[in-house]
Structure formats: C-alpha cells, structure tokens
1. Could you list all residues from region 279-300 that are more than 27 Å from Ala203 (Cβ to Cβ) and either aliphatic (A, V, I, L, M) or under 10 Å from the mean Cα position of the chain (by Cα) (or both)?
2. Report, by residue number, each residue of region 152-182 that is charged (D, E, K, R), within 24 Å of Trp256 (Cα to Cα), in contact with a helix residue (DSSP H, G or I) (Cβ under 6 Å, 6 or more places away or on another chain) and part of a loop (DSSP other than H, G, I, E, B).
3. Against the definition (farther than 17 Å from Asp200 by Cβ, surrounded by fewer than 22 Cβ atoms within 10 Å (Cβ to Cβ), in the same structural domain as Tyr142 (by TED's automatic domain parsing) and modelled with pLDDT of 95 or more), how does Asp244 come out, yes or no?
4. Evaluate region 199-213: report whether one residue or more is surrounded by fewer than 16 Cβ atoms within 10 Å (Cβ to Cβ), on the phi > 0 side of the Ramachandran plot and not aromatic (Phe, Trp, Tyr).
5. Would you check if Ala228 is in a strand (DSSP E or B), outside the structural domain of Gly20 (by TED's automatic domain parsing) and among the aliphatic types (A, V, I, L, M)?
6. Sort out which residues of region 251-282 are aromatic (Phe, Trp, Tyr), over 15 Å from Glu171 (Cα atoms) and in a helix (DSSP H, G or I), and write them in order of number.
7. Give all pairs with beta carbons closer than 8 Å in which a residue from region 290-308 that is more than 21 Å from Glu154 (Cα to Cα) meets a residue that is assigned to a loop (DSSP other than H, G, I, E, B); count only pairs at least 6 apart in sequence or on separate chains.
8. Filter region 183-225 for residues that are within 21 Å of Arg302 (Cβ to Cβ), in a helix (DSSP H, G or I) and in contact with a Ser or Thr (Cβ under 7 Å, 6 or more places away or on another chain) and give the result.
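The values are calculated or read from the model by the stated rules, or taken from the named source; none is laboratory data. These numbers come from a predicted model, not from an experiment. Note that we place each Cβ from the backbone using ideal geometry, even for glycine, and neighbour counts take in every protein chain shown.
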Amino acid sequence: MRLVTFEHDGRRRAGAFIDGDMRIVDLAAAHQQVHGVHAPELADVLSLIEGGDDALDKAMEAVKSAPEAAILARSTDVRLKAPIQPPPQIRDCSTFELHQRQAYAAGRAMRARAKGVEVIEDTGPSEAEQRILDLFVKQPLYYKANRFSVIGTEETVIWPSYSRMMDFELEFGCYIKKAAKDVPVDKARDYIFGYTIYNDFSARDAQAIEMIGQLGPSKGKDFDTGNAMGPCIVTADEMPNPYDLTMIARVNGEEWGRGNSGTMHWTFEDLIAFISRSETLYPGEFLGSGTVGNGCGLEAQRFLKPGDEIELDVQGIGVLKNRIVRQG
C-alpha cells in the first residue's frame with residue numbers, strides 16, 4: 001500500500017493512494033461504510049502501525065472493498081500532510097560516504113575562496129574530517145532531529161531568520177514497524193514498516209559554526225518546517241529492494257543532483273541493529289538515510305533562494321515537493 005495522511009473538510013485522516021496516486025481511499029470511512037463499525041486503528045497512520053499486522057490487513061481490505069463514497073480525488077480540496085506528523089522520533093543517519101567526502105571538499109573550497117585563495121588542488125580531508133570518515137566506516141552515525149518541525153509535500157518551508165545560506169538534502173528513510181530491541185541484522189527487515197522521502201532542510205551557515213562544538217547540528221537543522229516528509233509511506237511488502245532506487249533532486253525544474261540508494265554504506269537493517277542495542281525503538285519512529293551523494297546544494301556549491309521550489313524524486317515512492325519562502 002501507499003499510505004498517506006490527509007486533511008479534508010477540516011479533519012485529518014489516514015488514507016491510501018490508488019489509481020496512480022490520483023485518488024485516495026479514506027481508510028476509516030471505507031471500513032465504516034462496509035462493516036458498519038468504527039475502526040479506531042484506521043483513524044491515523046501511527047495508530048495503524050501500532051495496531052500491527054491485524055490493522056494492516058484491515059487497511060488492505062478497506063482499500064480493496066472501498067465504496068466510491070469513501071474515495072476522494074487528490075485535488076485542492078485534499079491537503080496531504082507528512083505520513084506521520086509528528087512521528088514519535090526522528091533519527092537522521094549518515095549512510096552515504098560519497099556525500100560526506102564531497103561535502104567536506106566543497107567546504108574546503110568555499111573556505112579557501114572566502115580567504116581569497118585560488119583553489120588549484122584539493123589537499124584532501126583535514127585531520128578532523130579524516131577521523132570522522134574513519135569512524136563512518138566502523139559504525140553508523142546519527143543525530144536526533146526535531147520531530148515537531150515535520151511538514152508534508154507541497155507545504156511551505158519558512159526560511160529561518162538567522163540564515164543566509166539554505167540548502168536541501170535528498171534522503172529517504174524507513175518507519176519502524178514494531179518495538180525493536182537488540183535486533184540482529186538478519187532479523188531487522190522484519191521491523192521495517194515502510195519507506196518515505198525525506199528533505200532535511202539545512203541552514204549551512206549556522207551548521208558550519210555549531211559543528212565546532214562537536215555536539216552535532218542544532219540551529220543548522222532545527223527550525224519550524226525544516227523536516228519535510230512524504231508524499232506517502234510505501235509499505236515494505238511493496239518495496240522488496242530499497243537498495244536500488246534512483247534519487248533525483250530538482251530546483252525550479254532543473255536537476256541539481258542524482259544518486260542511487262544502492263550506494264548506502266550502511267543499510268536500514270544495519271541501522272536498526274546498531275541503534276536498538278540496549279535501546280527500544282518504537283512503532284512509527286523514523287530513520288533517515290542521510291544525504292545521497294550529489295544530493296545537496298553544498299556538494300555542487302549552489303544554494304537556495306527565497307521562492308525556490310524543491311522536488312525530491314525517489315523511484316517507487318514518488319515526489320516530495322516544497323517551496324522555501326522568506327517571511328518579512
């Protein structure tokens with residue numbers, strides 16, 4: 001299934017895309033109309049995940065038997081939200097080595113230009129950067145993002161007032177299906193509910209300063225509307241191989257970068273096994289892949305402008321579209 005959260009007539013509902021994502025089945029309404037009883041586990045996507053396989057089966061049956069009265073056209077009357085808004089937790093991980101290396105190289109070039117130095121040859125990672133790259137191949141790295149800043153596709157991203165250098169990040173990620181603790185890698189796929197696209201908007205100037213403190217990103221990432229997700233969750237049964245997906249970023253219709261999920265150094269199964277060591281992951285938690293190589297403006301040394309429309313296109317999932325606007 002391709003599950004969505006949508007608003008219609010002032011109410012937020014759980015649904016599923018059908019007919020090439022052009023129509024939406026209202027899951028709770030479909031069940032109510034067919035069976036005559038309310039199914040609270042179909043009221044929202046998080047409740048559906050928490051309801052386990054029985055709730056998922058009930059949702060699939062609702063899609064198959066939905067009467068026309070429970071189906072809405074995807075139109076201006078229906079507003080898509082993030083699949084879970086807010087999710088119980090967001091952990092954004094670093095799984096693409098090419099992005100790490102290219103982002104460091106771009107940063108070195110930009111700092112050199114700022115000092116008026118003509119960049120002739122890149123000297124390679126600094127000592128500090130090399131330590132991070134060495135650690136990257138030894139274990140997964142991640143930080144916890146602000147779950148309350150999550151928005152959905154076609155929602156507006158508000159440019160933070162303190163930043164002059166805004167960027168996007170082309171990512172996708174998975175939602176946890178059931179409570180997971182001390183999960184071995186070979187069992188970890190059983191804990192993945194499904195996948196969505198993630199745009200981790202970034203204030204690069206703020207991020208460059210705060211990373212000196214070695215506590216991870218803060219205001220470089222944490223601002224209202226900064227975490228865009230969607231347009232849907234593709235359930236794991238419909239994504240048998242998430243590690244061969246073409247990923248494309250466009251700004252105002254122009255392609256700025258592309259990559260492939262097959263270049264992940266750490267899989268979602270690796271991430272689940274690592275993060276769940278002596279710690280419980282709960283249904284609906286989100287794990288981001290981190291930025292695919294060539295998947296942000298920093299790597300190309302190009303940055304966003306107010307009014308830009310950013311589209312992240314991930315094969316098999318869809319397109320996540322947002323416009324970034326400066327207020328005042």
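1. Passing the criteria: only Leu281.
2. Of the residues in region 152-182, the ones charged (D, E, K, R) are 154-155, 164, 167, 169, 171, 177-178, 181-182.
Filter again for within 24 Å of Trp256 (Cα to Cα), leaving 154-155, 164, 167, 169, 171.
Filter once more, so that each one left must be in contact with a helix residue (DSSP H, G or I) (Cβ under 6 Å, 6 or more places away or on another chain): 164, 167.
Listed by number, the list holds a single entry, Arg164.
3. yes
4. Taking every residue of region 199-213 in turn, none turns out to be surrounded by fewer than 16 Cβ atoms within 10 Å (Cβ to Cβ), on the phi > 0 side of the Ramachandran plot and not aromatic (Phe, Trp, Tyr).
5. yes
6. Pass one, region 251-282, residues aromatic (Phe, Trp, Tyr): 256, 266, 268, 274, 282.
Right, trim to over 15 Å from Glu171 (Cα atoms) and you get 274, 282.
Listed by number, the list holds a single entry, Phe274.
7. Gly290/Thr95; Gly290/Phe96; Val292/Phe96; Gly293/Phe96; Glu299/Gly293; Ala300/Asn294
8. Once the filter is applied, which keeps residues that are within 21 Å of Arg302 (Cβ to Cβ), in a helix (DSSP H, G or I) and in contact with a Ser or Thr (Cβ under 7 Å, 6 or more places away or on another chain), region 183-225 yields Asp205, Ala206.
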